[in-house]
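Following: one structure in structure tokens, then a few remarks.
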Amino acid sequence: MSDQQRPGDRADAFVFTPRKNGQSQSVSDELAAWMSTGWADTELRDLDPIEQAPHTARRRAALGAAFPGERLVVPAGQLVTRSNDTEYPFRAATDYAYLTGDTADGGCLVLTPNADGGHDAVLYLKPRSDRENGEFWLGQYGELWTGRRNSLQEASALFAVATADVRTLPEALRSGTTALRVVRGHDADVDALVDEVRGDTDSEAKAKSARLDTELGVALADHRLVKDEWEVAQLQRAVDATVRGFGDVAAALPQARDTSERFVEGTFFLRARVEGNDVGYGTIAASGANATTLHWTRNDGSVREGDLLLLDAGVETTTLYTADVTRTMPVSGTFTDLQRKVYDLVYAAQEAGIAAVAPGRPFGDFHKAAQRVLAEGLVEWGLLEGPVERILELGLQRRYTLHGTGHMLGLDVHDCAVARQEAHLYGELEPGMVLTVEPGLYFQPDDLTVPEELRGIGVRIEDDVLVTEEGRTVMSAGLPRSSAEVEAWLAERLPRA
Ligand code: GLY
Ligand code: MN
Ligand code: MN
């Protein structure tokens, strides 16, 4: 057993990757033998499938039906090094989580065509450490270092799908059909394996294969456009936790004033880690003029009494569904007249946008409705010269609105981005779709076209909206939206002086 730290071949790599900072380089035969014995049987038997299992089975069947006779390969992804021997927190690839419900690293789902015209699903996973080879306590990812994994039998019971040791994936892919597609870009080893199986030699064949893989990703994004009931419930959980996180931030504003935007970020993060998996994207905690930077995630600015704080944040559930909510709040608890004027225009635009969310409406309608209100307001204020139709045609309001009014929401914060345009951007809203409505106005501190008093003001209001049979439900209605509601909400939460 003294050679247990030898480098394995690629398939064995996860088992034999030794820790990089080991002080004890060798293991005596006596110690190795002792460590391999004396362990109780901890196999978990009679596990019930996860709640999501009927849904993941249906999603796999739908995907298989779209690609008859082809093998489909959907990897979870691998840990990514942050520095030396530490890794970024792992987040499973969206399509893998959607089709399996598993959120661990290193797995790979394979759908193989069967004789009945359907597909057989096998989930290839890292098995448990078997206590024989020393990996469990010597390996970089051994169970005594990073925690217990599911056994293959446990995973099969939980995810209601056949499982196999991921070390057998190469031989499985090399056998049988060669018509295969992979969700590329998540696991370099799996991508290389698929390339090897295909054996493309010329650039034309490689380009064709790339197209096949892209089509698989597009199909999955299409399938994810309409959420099933279980997904909607997960998104509501994410939103509800996010609402509580915003309340935490309101109560912590005095401490943020004494420190920085990082206090806001950290306060929200605590809620995200306790109630969910993580934040679904980098929290934007932007005070004062930082709010005019759309994705301000440095969060190293000061939070000042007279400023607005723009908080754009979302809790991601342990099942990896995320909220995406923005509120812009006066740090003092009360908007100045000027801040209120800007806020109220954005609010009016958001009202118009939300009202345009309904089944059968073109996806682009809510954007157009909100942009029209903003353009009208900017003309009224003298920042833009009418007519409004010309402004909208030329997009001139975008100098101050910058971004689109919303996007699909789900497992990814900008969900289904690669879906077919005719199903998404140029498609119609359907019940079960979830999207954000998030107009904003951003007056850059150095924008000479803007009256001086407006410079450095940024406001965005963002809510998560479910399309229903009847119209819509604002999932984030637990937070205040109008300026008066925001002030009342802050008054309840800000500690009294
Ligand atoms: N949080 C990024 C966005 O609102 O799209
Ligand atoms: Mn958004
Ligand atoms: Mn957002």
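The values are calculated or read from the model by the stated rules, or taken from the named source; none is laboratory data. The structure displayed is predicted, hence computed values, not measured ones. Here the Cβ is made from the backbone with ideal geometry for all residues, glycine too, and neighbour counts use every protein chain on show. Accessible surface areas use protein heavy atoms only, side chains included; no ligands, DNA or RNA. Shrake-Rupley method; radii C 1.70, N 1.55, O 1.52, S 1.80 Å.
Here are a few things to note about the model shown:
- Most tightly packed first, judged by the mean number of other beta-carbon atoms within 10 Å of their residues, the peptides 34-42, 250-258 read 250-258, 34-42.
- Viscosity 0.890 mPa s, temperature 25 °C, Stokes-Einstein D of the chain from Kirkwood C-alpha radius, µm²/s: 97 µm²/s
- The stretch 218-316: C-alpha pair distances exceeding 19 Å, %: 46 percent
- Taking every DSSP bridge with both residues inside the stretch 80-209, close to 65 percent are antiparallel.
- Cβ-placed point charges (K, R +1; D, E -1), dipole of the chain about Cα centre in debye, nearest 20: 420 debye
- Apportionment of accessible area to carbon and sulfur, the chain, percent (1.4 Å): 51 percent
- Residue-wise HN-Hα coupling along the stretch 428-442, computed from phi with Karplus coefficients 6.51, -1.76, 1.60 (Hz; x: Gly, Pro): 10, 5, 10, x, x, 6, 10, 9, 9, 10, 9, x, x, 10, 9
- Under Karplus coefficients 6.51, -1.76 and 1.60, residue-wise ³J(HN,Hα) of the stretch 166-181 in Hz, glycine/proline x: 5, 5, 8, 4, x, 5, 5, 6, 6, 9, x, 4, 9, 7, 9, 9
- Å² per residue, accessible surface of the chain at 1.4 Å: 45 Å²
- Of the two radii for the stretch 25-93, the radius of gyration is 1.17 times the Kirkwood radius, both from the alpha carbons; that is the Rg over Rh value.
- Using C-alpha pairs below 8 Å separated by at least 6 residues, the relative contact order for the stretch 164-314 is 17 percent.
- Of the trypsin sites (Lys or Arg not before Pro) in the stretch 22-69, those whose Cβ has at most 15 other Cβ within 10 Å and which sit in DSSP loop: Arg45
- Cα centroid of the stretch 331-360 to Cα centroid of the stretch 206-255, whole Å: 24 Å
- Dipole of the chain, positive end: most advanced residue of Ser129, Gly377, Ser287 [Cβ charges, Cα centre]: Ser287
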